[in-house]
Amino acid sequence: MRVSNICKSFGGNKALEDVSFETSGNLAIVGESGGGKTTLLRILAGLETADSGTVEYDGKIGFVFQDFNLFPHMTVWENITIAAPDADIGLLARLGLESKKDEYPCNLSGGQRQRVAIARALALDPDILCFDEPTSALDPLLTDSVAELINSLDKICIIVTHDMEFADKVAKKKLIVDARSNAIYKRKGA
């Protein structure tokens with residue numbers, strides 16, 4: 001993925017200014033709340049439009065939302081297959097959800113809902129997978145399990161997080177967002 005000179009403002013407030021980077025492996029975007037991390041991720045995934053600049057990549061992008069965005073009236077399997085009717089049921093076993101196939105999101109733990117959201121994104125067979133704060137509602141043991149899962153994927157993963165320790169576990173390359181200056185600093189080869 002190659003990102004060149006991305007700028008984005010909301011009203012008169014600059015969220016991102018002249019952001020550029022390249023990555024061919026996992027990338028963590030870290031920093032304080034309000035610094036533009038999620039805005040950048042949404043632009044990368046095509047869910048938000050930049051005011052200027054370009055994003056270039058080959059293939060499909062999947063997105064795992066911070067609040068999971070599961071449909072409460074649908075079962076786990078229905079949530080996964082709504083966008084990918086031909087999804088491989090093996091995804092459930094891979095993510096430890098085989099016994100939850102017919103459960104509704106309200107009957108799942110936060111970690112289980114997170115894995116359903118990941119399964120739904122994986123069912124679309126993306127080349128790049130974007131995660132927005134994947135551990136924000138999880139306890140430390142589940143945080144490690146999400147890190148292991150991300151590292152097991154044969155995809156480029158772009159992860160927004162405020163947790164530097166988690167970022168170190170999932171990506172060698174990091175972009176650090178400074179909320180005060182809207183600056184992005186490259187770290188570890190980003």
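Things to note:
- Residue-level check: of (1) in contact with a strand residue (DSSP E or B) (Cβ under 8 Å, 6 or more places away or on another chain); (2) of a type outside the set (A, V, I, L, M); (3) surrounded by 23 or more Cβ atoms within 10 Å (Cβ to Cβ); (4) more than 21 Å from Leu175 (Cα to Cα), Arg115 misses just (1).
- Among the residues of this structure, Thr135 does not count as one that is among the polar types (S, T, N, Q) and either closer than 26 Å to Ser20 by Cβ or in a helix (DSSP H, G or I) (or both).
Here's the yes/no breakdown for (1) closer than 23 Å to Ile80 by Cβ; (2) loosely packed, with under 14 Cβ neighbours inside 10 Å:
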residue	(1), (2)
Ile128	yes, no
Glu133	yes, no
Leu141	no, yes
Leu149	yes, no
Asp168	no, no
Leu175	no, no
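- Flag: Ile29 matches the condition of being closer than 22 Å to Leu149 by Cα and in contact with a helix residue (DSSP H, G or I) (Cβ under 7 Å, 6 or more places away or on another chain).
- Scan of the range 70-81 for residues that are surrounded by 14 or more Cβ atoms within 10 Å (Cβ to Cβ) and either in a helix (DSSP H, G or I) or under 20 Å from the mean Cα position of the chain (by Cα) (or both), ordered by number: Leu70, Val76, Trp77, Glu78, Asn79, Ile80, Thr81
- Subset of the range 1-37 that is over 15 Å from Cys157 (Cα atoms) and charged (D, E, K, R) - its residue that is least open to solvent (accessible area, probe 1.4 Å): Lys8
- Selection within the range 38-69 - open to solvent by less than 10 Å² (accessible area, probe 1.4 Å) and small (Gly, Ala, Ser): Gly62
The values are calculated or read from the model by the stated rules, or taken from the named source; none is laboratory data. Just so it is clear, the structure is predicted and the values come from calculations on it, not from any experiment. With ideal geometry, Cβ positions are generated from the backbone for all residues, glycine too; neighbour counts draw on all protein chains shown. Ligands, DNA and RNA are stripped out before the accessible areas are found, and what is left, the full protein with its side chains, is counted by its heavy atoms. Shrake-Rupley method; radii C 1.70, N 1.55, O 1.52, S 1.80 Å.
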